[in-house]
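Single-structure report; data block below.
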Amino acid sequence: MTTHNELRLLPWSGPEGNPCYLSTEGSAGYLSRLADTTEAAQLEMSGELLEYALEVLGDGKAEPNEVRLLAMDMTEALRDVRRVAISRGHRLPLTDLPACEGGDEGPQLPAAAFG
């Protein structure tokens, strides 16, 4: 039986909206590569949507329906980005982090953790 940390949260949902997981020991398989490609596309699209949102909200002339549609698109993008972050967080190697001594910085992650 695999543990939760051995399962990869995939960047898409099942037919009923439930999360999908992949049990794998590496990233060379077809589904792992497909998930990597999908995550990259989701992150790219969310960046483009953010730029569009800044334009729409910045001009002050947006119609209510346009703002509502933008909010719905931003909600979907945020859901995708959150799923990617959770998936990548679960795949980080477990290490013993030193206790912070009065610093406000929190734990330090390697640059590779951010894709």
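The numbers here are math on the coordinates, done by the rules we state, and not lab data. All values derive from a computational prediction rather than experimental measurement. Don't worry about glycine lacking a Cβ; one is built from the backbone with ideal geometry, like all the others, and counts go over all protein chains shown.
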Amide H within-cut-off set for Cys20, under 5 Å, with H built and near neighbours excluded: Leu10, Trp12, Gly14
With a point put 7 Å past each Cα toward its Cβ, work out how far Arg68 is from His90 in nm, to one decimal. 3.5
What nm value, rounded to one decimal, do you get for the distance between Leu78 and Ala41 when each label is placed 7 Å out toward the C-beta? 2.4
Ignoring solvent entirely, what values of log10 I(q)/I(0) come out of the Debye formula for region 1-90 at 0.20, 0.24 Å⁻¹ when each Cα is a single scatterer? -0.94, -1.19
Show me the ranking of peptides 54-62, 66-74, 80-88 by mean Cβ neighbours inside 10 Å, starting with the highest. 80-88, 66-74, 54-62
Residue-ordered couplings for region 86-92, obtained by feeding phi - 60° into the Karplus form 6.51 cos²θ - 1.76 cosθ + 1.60 and rounding to whole Hz (Gly and Pro as x), are 5, 4, 5, x, 5, 8, 5
